[in-house]
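K.L.:
Just passing along the structure, written as structure tokens.
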């Protein structure tokens, strides 16, 4: 057993009593936060509430053994729950047992993809989800999630997977119900919403003024949803509001899930592969960025490839124990960190506490109003909505703006899967497009230095019989024809030309297509009596060229630096 | 009317009698070559022979008006015909009229895609078909085409779209028929094959020894198929071999096609979109590389974006006049060029001659043996098969080798569409993978120069409190996390470090993801008391950075050159 594959070994062998105390305290706090969140996100995913609790037990245990972050708290999260809802509703299942089996299968498949990517060291694939695309996607998802919870707060029945569907369903339901909205539902929903929004900004300062420590005040403020849950549950029980039309969570099966596989046979698992892959990648990107941020604060490091295994194990565990796809949640990881979690054992303890709570709380949960859960979801996701990425991208680069806008617009108008897929595709296409028309500068010497810069931007020395071109891109199949065209054009405009120097300081690769183009350029310039030279060719590129005939057939020479080339040819 | 969009204006207004003579002579030669080729490629595409002739009339006229190459000869070509066969057989049509309509629709859709790409200036998309992938694809297609014609030569009935299917069908048919192979068919097929292979290598030298000019000998040798066609047709007629089991072309409708649209309603045109796009891109890449090669010999230029329009117009014309997808053919364009075609008018004259021939020859074509056509196809495509690209790629770069091998293997094992799509996808993925783990060199000063190179490859001067890193790649979403990891690793290994200089001579772009990473790096290094500097930042990158907060918050400075940076900080 090596630490590399079982990160648990890196801390468990030297576990101290002091760490135990820290971890226990953090686990209690995380448990208090996780129970209402788990119920709410199961509801968001369109699943029975107990699945949220199941998804917060074994996955935490699995992460304890295989994860490398000391603070990441794994469980149901908002965006992944929304994607789960979209994936499952796409199957058109009607039998509730099938819906449960589909959610478990989705978790298993996501877990499998994550473990596979980890074993094959394919973590780099996650890099293709760029920062702005992730930010745009989360913002758009937040809007969809918040809107999707409005019906529960207003006591209406309306659903949809994108903005037009939601607005239409909500509008029709509202017109139909108005003015007979259910008063207990609206009262509890709106009151919870107002309380939670107020608590977000004002509870911590209030507690601090009341003498609580900074850290304590922040943690208690983060736990404010538990007060809403308890208060609204008590109200529902005391006034028997269920009889007066308030939607309650209702009876849930007591006890823990029996680990086992879902019945694959009845669900079209092949059509879950695409969503499972997107969930795996997005969950990984989110978890790693949370974990990296927290690790850096304590000068610790995480291993992204091992995180794939850890997160994969968590999802497999979720799939085996009646849960649905999980990831590292931002808010709850921060709470775990702030509460002083010293090792991943905090997660293990939280899992045990949640399992205990599942026994004890199940009968009480029946009285919990759905409107309360909806309000906690809205407030939680509202902090994810941040439209500033759009203006930042607009100012900085049109390409990033295009990718962000495509992601946001398509997520809102069509749905989460299309949105995130579009973000990836647009980013990659824009990158390919840009590198297919590289920036090429004609350069000259800055007087008194050995430095060569763009003739357009700097006062430089040039010579009529030498053309120095700096290509600002690797030469590869996508831009080789562009380069050929450009060189012939520049050459045709210069009658005294005897030497063309390609300054390769920015050329990081020359692939076979580009090699064949350079051979053609060398041949054609040779026919015109012009010599082709290279300067500042990097080591790896030179190694590759030495395996070809180009250097042997080259009419000119290869110089170490542009300065030496011009010195020699002038 | 501008020359830009009607290239015909660039030569038609100054057309001379001398050019007319040249063009007329070339057109006669092209016509003689094109008639048997057109019939053969229609057979290869699984279509009635007259469609080959139709595809060689109006498309030539359209290219005359919209094309920019003075030598390119447009018409049915081998690889595109094979792709047409694959696309249409994928529809599972049984009614011959529907097959004809589907072929016309395919031509129309390819034409539409080409014109659209031309109007939207999307010619750069064709760049993603790299040289090695095209070479590998054509080689594999050549093998499939040649094998697919063997049954016609042996008088068997067998077909397939990939190597396993073909080998199996051919083997079974052979075992079944042997030893009762049809003697006239095998005799004519094998005799034609032997004659054509002999003529390829030996006819031109023979004619030259007999006193013919070099150019004349080459042209007559290229026309050798016409002799086989005439001789085998005469033999079939004289000995009435059709009665003895020789498969003949048979009755074809006399006269010209009536221009008109195919009946879309009966064919699943949506499933033709993918094949049409692949045919459009491949036909364009092929045509442009032929046209560019021939133009360079006369110091002429072609306009690739206008070529999209020209080729698109040709395919639209083919679709409107009972033809199938066309492209610029290599062999026949070279013959056109060698025969002295001065302007695209040669194509117009060839079209008129083929139209006339269609009237005159149709009754005679009934006697033409299919085995003869099959033999001309085999000999024509055999020159396309060139496996040397595999060894060249293996020697030069593993990435290109991977792309070529994937293309060849998948084309052979699965089919043309999968093969060419795999080639494109593998090329792009490999490129993205490589640029996601950029080469980063620690650099030092070469003594006595202002030049900085890799410490591993050169004898250089370094300083313990300065770390100079040269990143050999643009910084963008795919590699930004890699860079962050690498910098933190290098920094953690150096206790005396005070300055990190990022030498950006090879950084051609910094996108928003990378900008956010650099901001994080700057912040974290700042926390450790280490300053971050940049050197040799290029103009366009600097412009972008100036639109962000990075430069304002930077702990260090931006230096014009690495030399100035080290001079200042040492």
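What follows draws every value from the coordinates through simple rules; no lab data is involved. Because the structure is predicted, anything quoted here is derived from the model rather than measured. Glycine gets a Cβ as well: all are built from the backbone with ideal geometry, and neighbour counts include every protein chain shown.
K.L.:
So for each of A:558-569, B:481-492 I average, over its residues, the number of other beta carbons within 10 Å; can you give me the resulting order with the highest mean first?
P.N.:
In decreasing order of mean packing, A:558-569, B:481-492 become A:558-569, B:481-492.
K.L.:
Figure the gain on full extension for residue B:95 and residue B:121 (residue separation times 0.36 nm, minus the Cα-Cα span) and round it to one decimal in nm. Don't skip to the answer; put the middle values down first.
P.N.:
Working: separation 26, 0.36 × 26 = 9.36 nm, distance 3.87 nm.
Length difference between fully extended and current span is 5.5 nm.
K.L.:
Additional query: Please label the shape of segment B:196-294 as rounded, prolate or oblate, based on the square roots a ≥ b ≥ c of the eigenvalues of the alpha-carbon gyration tensor (a/c under 1.5 means rounded; beyond that, a/b larger than b/c means prolate, else oblate).
P.N.:
Numbers: a/c = 2.85, a/b = 1.29, b/c = 2.20.
Verdict is oblate for segment B:196-294.
K.L.:
Return the percentage of antiparallel bridges among DSSP beta bridges fully within segment A:440-569, rounded to the nearest 5 %.
P.N.:
Values: 7 of 20 bridges.
Of the beta bridges lying entirely in segment A:440-569, close to 35 percent run antiparallel.
K.L.:
Give the relative contact order (percent, whole number) for segment A:269-345; include only Cα pairs under 8 Å separated by 6+ residues.
P.N.:
Numbers: 38 pairs, mean separation 26.4, N = 77.
Relative contact order here is 34 percent.
K.L.:
Which percentage, to the nearest 5, of the DSSP beta bridges contained in chain B is antiparallel?
P.N.:
45 percent
K.L.:
What whole-number distance in Å separates the alpha-carbon centres of segment B:350-404 and segment A:237-254?
P.N.:
Answer, in whole Å: 77.
K.L.:
Give me the percent relative contact order of chain B, please, defined on Cα pairs under 8 angstrom at least 6 residues apart. Before the final figure, lay out each step's value.
P.N.:
Numbers: 1014 pairs, mean separation 133.9, N = 570.
That works out to 23 percent.
K.L.:
Within 10 Å, count the other beta carbons around each residue, average over each peptide in B:393-405, A:156-168, and list them highest first. Show your work: numbers first, answer last.
P.N.:
Details: B:393-405: 20.8, A:156-168: 17.0.
In decreasing order of mean packing, B:393-405, A:156-168 become B:393-405, A:156-168.
K.L.:
Which order do the peptides B:213-225, B:271-283 take when ranked by the mean count of other beta-carbon atoms within 10 Å per residue, highest first?
P.N.:
Working: B:213-225: 17.5, B:271-283: 21.5.
Those peptides, ordered most packed to least, come out B:271-283, B:213-225.
K.L.:
In degrees from 0 to 90, rounded to the nearest 10, what is the angle of the helix A:96-119 Cα long axis to the longest principal axis of chain A?
P.N.:
The two axes meet at around 40 degrees.
K.L.:
Assuming a ≥ b ≥ c are the square roots of the Cα gyration tensor eigenvalues, decide whether segment B:83-134 counts as rounded (a/c under 1.5), prolate (otherwise, with a/b larger than b/c) or oblate. Don't skip to the end; give the middle numbers.
P.N.:
Values: a/c = 4.81, a/b = 1.78, b/c = 2.70.
Because a/c hits 1.5 or more and a/b fails to exceed b/c, segment B:83-134 counts as oblate.
K.L.:
With N denoting the number of residues in chain A, provide Rg(C-alpha) divided by 2.2 N^0.38 Å, to two decimal places.
P.N.:
Working: Rg = 29.9 Å, N = 570, 2.2 N^0.38 = 24.5 Å.
That works out to 1.22 for chain A.
K.L.:
Additional query: Which shape class, rounded, prolate or oblate, goes with segment B:4-127 when its Cα gyration tensor gives a ≥ b ≥ c as root eigenvalues, a/c under 1.5 marks rounded, and past that a/b bigger than b/c marks prolate? Don't skip to the end; give the middle numbers.
P.N.:
Values: a/c = 2.70, a/b = 1.43, b/c = 1.89.
Here segment B:4-127 falls in the oblate category.
K.L.:
Oh, and also: Please report how far the C-alpha centroid of segment B:272-288 lies from that of segment A:470-509, rounded to the nearest whole angstrom.
P.N.:
Result: 28 Å between the Cα centres.
K.L.:
Moving on. Multiply the residue separation of residue B:551 and residue B:391 by 0.36 nm, subtract the distance between their alpha-carbon atoms, and state the gained length in nm to one decimal.
P.N.:
Details: separation 160, 0.36 × 160 = 57.60 nm, distance 4.86 nm.
Taking residue B:551 through residue B:391 to full extension adds about 52.7 nm, to one decimal.
K.L.:
With n ≥ 4 as the cut-off for DSSP H runs, can you work out [θ] at 222 nm for the protein assembly as shown, using -39500 (n - 2.57) per run divided by the number of residues, rounded to the nearest 500?
P.N.:
On the way: 48 runs with 704 residues, N = 1140.
Result for the protein assembly as shown: -20000 deg cm²/dmol, rounded to the nearest 500.
K.L.:
Ok, one more. Sorted from largest to smallest, which semi-axis lengths in Å does the alpha carbon gyration tensor of the protein assembly as shown give for its equivalent ellipsoid, taking the root of 5 times each eigenvalue? The partial results should precede the final answer.
P.N.:
Values: eigenvalues 790, 330, 127 Å².
Semi-axis lengths for the protein assembly as shown are 63, 41, 25 Å.
K.L.:
Then there's this: Please list the equivalent ellipsoid semi-axes of segment A:440-569, computed as the square roots of five times the alpha-carbon gyration tensor eigenvalues, in descending order and whole angstrom.
P.N.:
Numbers: eigenvalues 92, 55, 40 Å².
In descending order the semi-axes read 21, 17, 14 Å.
K.L.:
Taking each residue of B:117-125 in turn, how many C-beta atoms of other protein chains fall within 10 Å of its C-beta, and what is the average? Numbers along the way, then the final one.
P.N.:
Values: counts 0, 0, 0, 0, 0, 1, 1, 8, 5.
Counting other chains' Cβ atoms within 10 Å and averaging over B:117-125 gives 2.
K.L.:
In nm, one decimal, shortest first: how far is the label point of residue B:498 (7 Å from Cα along Cα to beta carbon) from the matching points in the other copies?
P.N.:
Sorted ascending, the copy-to-copy spacings read 4.9 nm.
K.L.:
Follow-up question, since we're still on this one. Counting only other chains, what is the mean number of Cβ atoms within 10 angstrom of the Cβ of each residue in peptide A:544-551?
P.N.:
Average neighbour count from other chains, rounded to a whole number: 2.
K.L.:
Moving to a separate point now. Roughly how many whole Å is it from the C-alpha centroid of segment A:181-234 to that of segment A:409-426?
P.N.:
Cα centres, segment A:181-234 to segment A:409-426: 34 Å.
K.L.:
Compute the relative contact order of segment B:206-355 as a whole-number percentage, counting only Cα pairs closer than 8 Å that sit 6 or more residues apart in sequence. Display every interim value, and only then the final one.
P.N.:
On the way: 67 pairs, mean separation 41.9, N = 150.
Result for segment B:206-355 is 28 percent.
K.L.:
Looking only at other chains, what is the average number of their beta-carbon atoms within 10 angstrom of each beta-carbon in B:421-434? Working shown, then result.
P.N.:
Working: counts 0, 0, 0, 1, 0, 0, 5, 5, 2, 2, 9, 7, 4, 5.
Mean partner shielding for this stretch: 3.
K.L.:
Another question, if that's okay. When DSSP beta bridges are limited to those with both residues in the protein assembly as shown, what percentage is antiparallel, rounded to the nearest 5?
P.N.:
Details: 20 of 46 bridges.
Roughly 45 percent of the DSSP beta bridges within the protein assembly as shown come out antiparallel.
K.L.:
Taking the label point 7 Å from Cα in the Cβ direction, how far apart in nm is residue B:198 from each other copy of itself, listed shortest first?
P.N.:
10.4
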